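Reviewing the structure listed below.
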Amino acid sequence: MPSPRRNAEGRPLAACAPSSSGSPAHGGGGGGRFEFQSLLSSRAPGADPTCARLRASESPVHRRGSFPLAGAGSSPALPPPLPEEDRMDLNPSFLGIALRSLLAIDLWLSKKLGVCAGESSSWGSVRPLMKLLEISGHGIPWLLGTLYCLSRSDSCAGREVLMNLLFSLLLDLLLVALIKGLVRRRRPAHNQMDMFFTLSVDKYSFPSGHATRAALVSRFILNHLVLAIPLRVLVVLWAFILGLSRVMLGRHNVTDVAFGFFLGYMQYSIVDYCWLSPHNAPVLFVLWNQQ
């Protein structure tokens, strides 16, 4: 049997240590034994931890990023929380459901009743008449008319009634402007801003100033003027049709007019409680008589 080959030092070739290249000529397993020996040497006491980490980072497993390195930074950032308005309320209250349902019905009914919102609407031909009715409930004509009648009055009783009417109109303008500025509800989308005279707060819808004024003035007239029954019915009809015209013109929603009627009714109670007379406000009447 032929003897095995020997190298220059006289040792058999099979006893030589495998090369680190791990080529197939040397059995293909040399690379695995080299990595195993390098891991053992990294765990041995006194081994350099920096070299061990470098050899571990050169592993094909770590190059693919299958397993994160120990201590390799913090975890990936979580997505930011959704805004409060984009979150879904999974347990809404009964009051919240009722208010949202009422708001949806209010918007739907207001759009259905806005038959005079534009010239192309179903009742667009009646729009000029509705705008004339709108002027009859505006605050400026009522203030100017009350001041004129107060300047022309020659009786103490007449001046007292007109003075309180002026006070109620000013109170109405102040309260409506204050509530509109606080609530800031926009007017309906189908509204056309072509009113007779507007202020900065008139871009808001809640409550209806015409409705509050109609309820206030009609109750004031019915309590302080002696009128026949047909005229009293006409005053009530004027207030009701004026409030309805606000919805038909698209100026307000139904709830704006309904709350306006309630506010105007309560405003007269305030005026009646704080009734101005020569006994409780003598300075005011003396100054007016001197003018």
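The values are calculated or read from the model by the stated rules, or taken from the named source; none is laboratory data. All of these numbers come straight from a predicted model, not from anything done at the bench. Because the Cβ atoms are built from the backbone with ideal geometry, glycine has one as well, and the counts that use them run over all protein chains shown. To get the accessible areas, we keep the full protein, side chains included, count just its heavy atoms, and leave off ligands, DNA and RNA. Shrake-Rupley method; radii C 1.70, N 1.55, O 1.52, S 1.80 Å.
For segment 191-255 versus segment 93-161, the inter-centroid distance based on Cα atoms is 4 Å.
Each of the peptides 185-193, 211-219 was scored by the mean count of other Cβ atoms within 10 Å over its residues; in descending order, highest first, they stand as 211-219, 185-193. Note on Q192 and V286: the extension gain reaches 29.3 nm, defined as 0.36 nm multiplied by sequence separation minus the Cα-Cα distance. At full extension, I97 and L144 could sit 12.4 nm farther apart than now, given 0.36 nm per residue minus the alpha carbon distance.
Here the 3J(HN,Hα) profile of segment 170-179, calculated from phi with Karplus coefficients 6.51, -1.76 and 1.60 at θ = phi - 60°, is 5, 5, 5, 4, 5, 5, 5, 5, 5, 5 Hz, Gly and Pro shown as x.
Computed from the alpha carbon atoms alone, the convex hull of segment 116-290 holds 126 Å³ per residue.
What segment 182-291 shows is 55 Å² of accessible area per residue, with the surface traced by a 1.4 Å probe over protein heavy atoms. Along segment 260-269 the Karplus relation, 6.51 cos²θ - 1.76 cosθ + 1.60 evaluated at θ = phi - 60°, assigns HN-Hα couplings of x, 4, 5, 5, x, 5, 6, 5, 5, 4 Hz to successive residues, with x for each Gly and Pro.
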